[in-house]
């Protein structure tokens, strides 16, 4: 029993240390995101051959003309408990190529373009936001279905192909909270702040380790069972 208790104690303490390491990692990640998002906007990068991880969440500005009729929808996105979509719209550049812009969230009853005509900005526009790097599909995510215009993760090359244009950048822009006419889409959906519960987890594992030690000591110090004689 002593060996089992000792191994269990080591496992619990290892989990505690791991969560503390994750805490410092998450705090640094949040600080980096906040710092990049708070810098003056740079021109959105185009003609980039290799993705630079340090560009993620960097404040940026893009210029072009929205192709509203080529909107794409990220599925099952919620906002304050309401289910809806995030609108990905190609932004056509002067040379005809496109970059992708996540303009923000719309509720289910505002998916149809006809329900939000005011938000269909026309002509040349400037869009501010943060640079995002598309993440690979998670194993638990469904496959994208371009035929039904149902996208579960951002896939810039495939999305550009569906929009009928050449991609100008491997990055995409997530628009900031600058209000759109008519109220939709609602920008500012980039998660600069991340959940950070690692301290609570570390405390939980530490408390379990302490409880195990207390139980072990109490068990081995209990008086002999006289009825066993």
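Worth a mention:
- Residue selected from region 34-71 under the condition more than 21 Å from residue 126 (Cβ to Cβ) and within 18 Å of the chain's Cα centre (by Cα), by the criterion surrounded by the most Cβ atoms within 10 Å (Cβ to Cβ): 56
- Scanning region 62-78 turns up at least one residue that is in a strand (DSSP E or B), farther than 14 Å from residue 170 by Cα and without any contact (Cβ under 8 Å) to a residue 60 or more places away in the chain.
- Test for residue 88: is it closer than 22 Å to residue 162 by Cα, in a strand (DSSP E or B) and in contact (Cβ under 8 Å) with a residue 12 or more places away in the chain: yes
- Any hit, region 32-47, residues being modelled with pLDDT of 75 or more, in contact with a strand residue (DSSP E or B) (Cβ under 6 Å, 6 or more places away or on another chain) and in a strand (DSSP E or B): yes
- Any hit, region 106-118, residues being touching a strand residue (DSSP E or B) at 6+ places or on another chain (Cβ under 6 Å), in a strand (DSSP E or B) and surrounded by 10 or more Cβ atoms within 10 Å (Cβ to Cβ): yes
- Any hit, region 17-29, residues being closer than 21 Å to residue 176 by Cα and either over 25 Å from the mean Cα position of the chain (by Cα) or not in a loop (DSSP other than H, G, I, E, B) (or both): yes
- Filter pass, residue 186 being surrounded by 19 or more Cβ atoms within 10 Å (Cβ to Cβ) and either modelled with pLDDT of 90 or more or farther than 19 Å from residue 20 by Cα (or both): yes
The values are calculated or read from the model by the stated rules, or taken from the named source; none is laboratory data. Every value quoted in this text rests on a predicted model; they were computed, and no experiment measured them. Heads up, the Cβs are rebuilt from the backbone with ideal geometry, glycines too, and the neighbour counts pull from every protein chain shown.
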